[in-house]
1. Is there any pair with a first residue in segment 182-206 that is farther than 18 Å from residue 150 by Cα and a second that is within 15 Å of the ligand (Cβ to nearest atom) and not in a loop (DSSP other than H, G, I, E, B) whose Cβ atoms are under 6 Å apart and which are 6 or more apart or on different chains, and what are they?
2. Report whether or not residue 360 is within 16 Å of the ligand (Cβ to nearest atom) and among the basic types (Lys, Arg).
3. Going through segment 304-318 one residue at a time, which ones are open to solvent by 70 Å² or more (accessible area, probe 1.4 Å) and either of a type in the set (Lys, Arg) or in contact with a helix residue (DSSP H, G or I) (Cβ under 7 Å, 6 or more places away or on another chain) (or both)?
4. Which residues, taken from segment 185-211, are within 16 Å of the ligand (Cβ to nearest atom), open to solvent by 10 Å² or more (accessible area, probe 1.4 Å) and under 30 Å from residue 364 (Cα atoms)?
5. Restricting the first residue to segment 270-282 and requiring it to be of a type in the set (Ser, Thr, Tyr), which pairs with a second residue that is not in a strand (DSSP E or B) meet a Cβ separation below 6 Å and a spacing of at least six or different chains?
6. Can you list residue pairs whose Cβ atoms sit under 7 Å apart, with the first residue in segment 40-68 being on the phi > 0 side of the Ramachandran plot and open to solvent by less than 50 Å² (accessible area, probe 1.4 Å) and the second being of a type outside the set (Gly, Ala, Ser) and not in a helix (DSSP H, G or I)? Count only pairs 6 or more apart in sequence or on different chains.
7. Does residue 353 fit the bill of being buried (at least 18 other Cβ atoms within 10 Å of the Cβ), more than 16 Å from the ligand (Cβ to nearest atom) and within 14 Å of the chain's Cα centre (by Cα)?
Amino acid sequence: MKLQPLRKPAVKRVLVCAILLSMPVRSAAPPPVPQQNLTARLSDNPRVRAALDWFASNLSWINEQQVRFTEIPAPPFQEAARAASVQKAIADLGLGSQMDNVGNLLAELRGVNDKEVVLVSAHLDTVFPAGTEVKVRHEGSRWLAPGVSDNGTGIAALLALLRAIQFAHLKPQRTIIFAWNVGEEGEGNLRGMRELVEAYRSRLKAVVVLDGSGTDHVTTKALASRRLEASITGPGGHSWSDFGMPNPINAMVRGSVRFINTKTPVNPRTTFNIGQIEGGTSVNSIPHAVSIKVDIRSESEDELTRLESALRECIAAGVRDEMDSSRDRSRGPLEWKVELLGRRPGGELSPESPLLAALRAADEYVGNQSRIERSSTDANIPLSQGIDGISIGAGGGGGGAHSLQEWYDPAGRELGLKRALLTVLGISGVAEEKLQ
Ligand SMILES: [Zn+2]
C-alpha cells in the first residue's frame, strides 16, 4: 500500500507551539512537552475541567437531542430536515451556524490562531430509504431505531461538545469547526467531507470524525474502495428465430467468470463482490442489455487499480468471446462499458501523528483502551490527502448498524464524550484567554 506522506516537521513545530501557548508562562523558552503530558496539562485547566464536568450533569439533555435527531428521517441526499433541526438547537444555545452549498451545517469556534483549523464532524445521513419507521422504541436500557447509533450518537455528541465548550468559556488556540455533514453513507460517496476538506484545505491541521457508538477503537487507516458498473448491450432478438446472434448476458457471464478467477492477494487484503445483476426481458428473448455492480476493496490503492483494469479486460474479453462464437453478426456488435459509480480513497495516519498522540492521551486520562482499526469512513478523505484524520465512536454502546434492528445504550456515554473533547482540545490547544 502507498503510505501517506509522513507528518511534516512544520506541523509538529506549530503544534508544539500551540501546546506551549496554552501552558502557563514560566520562562522564555520552556522545554518541549512530551505528548503524554498533554491531557494532564489540559485537565489542570479549570475551564477544561468545567467542560468535562458539564457532560455528567447534562446527560438527559444529550439523550433527548439524540432521540429527537434520530426521529427525523435522513435518507441519502435528504439530510436537510435533520440539519435544520440541529441548526435550531445551535441557535437555542445563542450560537450561529451556516449551511454550505452541499448541505453541511457548520458552526465555528474561533481560536486565537485562526490560520489553523481543526475540523470535528458527524455525518447526518443514514442508509435507510424514505418511509423507514425511525421512531425510537425503548426496551430495557436499549433504544431501538434505524440510525439511532449510526449516527444519532455522533450528531448528539457533536452538539454536546459545542455546548460544553461554550458553557466553560473555553477559547481554543486553533479554530475549531463543528460540522454536521451530508453524504457519508453509500452513494453519498463522502461528498460532504470532500467539500469540507476542499473548503478548509489550506488551514486544516486535523479532522476528528464522530461516527457511531463505543470507545473501543480508533480508525486511523482508511480502507480504499471503488464501486463499478459494467454494462453490455446488443441488438436483442427472438430466442428461436434469431439464435446465433450475440447475447449480452452470455457475454457478461463469460466476462464475469474470467473476472471472478482473478487472483487477489491476502496481504494487502483485497476483495471483490459482484453484488447486483440486472438485465433481460423474458426467458425466450435474446436480451438487449445486462449490467452488474461490483464493489472492490483493498488495503492497497495499486491493487484496486489492478482489479479495476482486470474488470475492464475481463468484460472486453467476454464480449470478444461471445462475438467470436456468434453465427449472425448482421445486426451489429455488442457494446460494453465499465463506469465508476463511487470511489473512496485510502490512506493511513502516521503512528507519530500529534492527533493520535492526543487521542492516546485522552484514552489514558479517561482510563480507556482502544485498538487501531481500518475502515471506510469520512476520515478517508483527509487521510487520502495527507491530512491527519481519525474516526472514533462517541460513547455508549450500540449495534446492528445499517439494519432495522439497530440499537443504542447510553450507559457509559460520558466516557466517550470526555474522550472526544480531550482529543479535540488536545489537538486544537486551549488559549489562556476566556471565550466571550
Ligand atoms: Zn456512520
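The values are calculated or read from the model by the stated rules, or taken from the named source; none is laboratory data. A quick note: this is a predicted structure, and the numbers were derived from the prediction, not measured. Cβ placement follows ideal geometry from the backbone for every residue including glycine, while neighbour counts extend to all protein chains displayed. Accessible surface areas use protein heavy atoms only, side chains included; no ligands, DNA or RNA. Shrake-Rupley method; radii C 1.70, N 1.55, O 1.52, S 1.80 Å.
1. 194/381; 196/179; 197/381
2. no
3. Initial filter on segment 304-318 (open to solvent by 70 Å² or more (accessible area, probe 1.4 Å)): 306, 312-313.
Across segment 304-318, the qualifying residues are 306, 312.
4. The one that is within 16 Å of the ligand (Cβ to nearest atom), open to solvent by 10 Å² or more (accessible area, probe 1.4 Å) and under 30 Å from residue 364 (Cα atoms): 211.
5. Listed by first residue and then by second, the contacts come to 270/264; 270/303.
6. Hits for this filter: zero, empty list.
7. For residue 353, the condition - buried (at least 18 other Cβ atoms within 10 Å of the Cβ), more than 16 Å from the ligand (Cβ to nearest atom) and within 14 Å of the chain's Cα centre (by Cα) - is not met.
Table: residues versus (1) open to solvent by 40 Å² or more (accessible area, probe 1.4 Å); (2) among the charged types (D, E, K, R); (3) touching a Pro at 6+ places or on another chain (Cβ under 9 Å).
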| position | (1), (2), (3) |
| --- | --- |
| 371 | yes, yes, no |
| 376 | no, no, no |
| 391 | no, no, no |
| 401 | yes, no, no |
| 406 | no, yes, yes |
